[in-house]
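To keep things clear, I will list the structure first and then write my remarks on it.
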Amino acid sequence: RSMLGDSVFFPAIRNMLHRYAYQSIETDDFKNSFKMDVPNPPVSFDTFFDQWVYHAGHPVYELNTISRDWGTQGYNITVDLNQVQPETDSIPGVFIAPVVIIFYGTNHQLQKDTVLNDSRSQQFSLRLAFQPDSVKIDTTQVLCEISSSILSVRENKDNNVTESLVYPNPIMKGITGNFNLNVAQQNNIRVEIYDELGSKVSNVYNGTLPIGNYTFNFSTVSLASGTYLLICRSGKMISSYGFAVY
């Protein structure tokens, strides 16, 4: 229903009820009935049922976005969407699904864009009328897990400044934490979380980022109450930021 929309989904359901009235049906009958009534779905029904019914797992997304000011034409947004779930005999390496990306602005602006993700690593170009302040995948529209979500909100013009911030601090367990980082020079960035004993408990990000301001999101669901260090490695520089979970 989410993929097709109500105007397509409900007529197909009604046709299926008439087609199989007073009969028992199986999953393949359900699928084939939809195939007869909806010839061009965003994702083929064979693929849809194969990955969501007949196989295990779900996609784990890594979302990286960079925005560039196009003056009166708004902002051009480059979106890198990666699937990082492990591929096994029972879990597909690539889930094909429409993904709704929500952009938020500083003045309560909101824009939703739907992209069809059909490969493990994919790049999209979108246009916004406002400068985005944060970005997320709408997890109410697709069964998924978010590994990381990173937004460069603007291109940095000052190459001499590197600042960062962990917030909120302290963080209530279960609430998503945020780490702001100003990258003053393109570098390989590695962000990790360590507990009080110096054991690594979470990988937040590992990859090359150009100059810009970024926001990393990290989950606290698996973190016990206590204090932690967020370690950021940028080239040969290492910075640490303490935060607490309660």
* Which entries of Lys200/Lys236; Lys31/Lys112; Lys112/Lys136 show an alpha-carbon separation above 21 angstrom in the structure shown? -> Lys31/Lys112
* **Cβ-based charge dipole, the chain, positive-most Cα from Leu165, Ala97, Val43** => Leu165
* Return the Rg/Rh value of region 51-154, two decimal places, where both radii are evaluated on C-alpha atoms and Rh is the Kirkwood radius. => 1.02
* Set Lys and Arg Cβ to +1 and Asp and Glu Cβ to -1, take the dipole of the chain about its Cα centre, and tell me which of Phe9, Ala224, Phe34 lies farthest positive. => Ala224
* Which value, in debye to the nearest 20, describes the size of the charge dipole of region 1-114 about its Cα centre when Lys and Arg Cβ atoms bear +1, Asp and Glu Cβ atoms bear -1, and nothing else is charged? -> 440
* Can you tell me the Rg and the Dmax, both Å, for the Cα atoms in the chain? -> 21.5, 73
* Let me know the charge dipole size of the chain about its Cα centre in debye, to the nearest 20, where only the beta-carbon of Lys, Arg (+1) and Asp, Glu (-1) is charged. => 440
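Only the coordinates and a few stated rules stand behind these numbers; no lab work does. What you see is a predicted model; the values in this text were computed from it and never measured. As a convention, Cβ positions derive from the backbone with ideal geometry for all residues, glycine included, and neighbour counts pool all protein chains shown.
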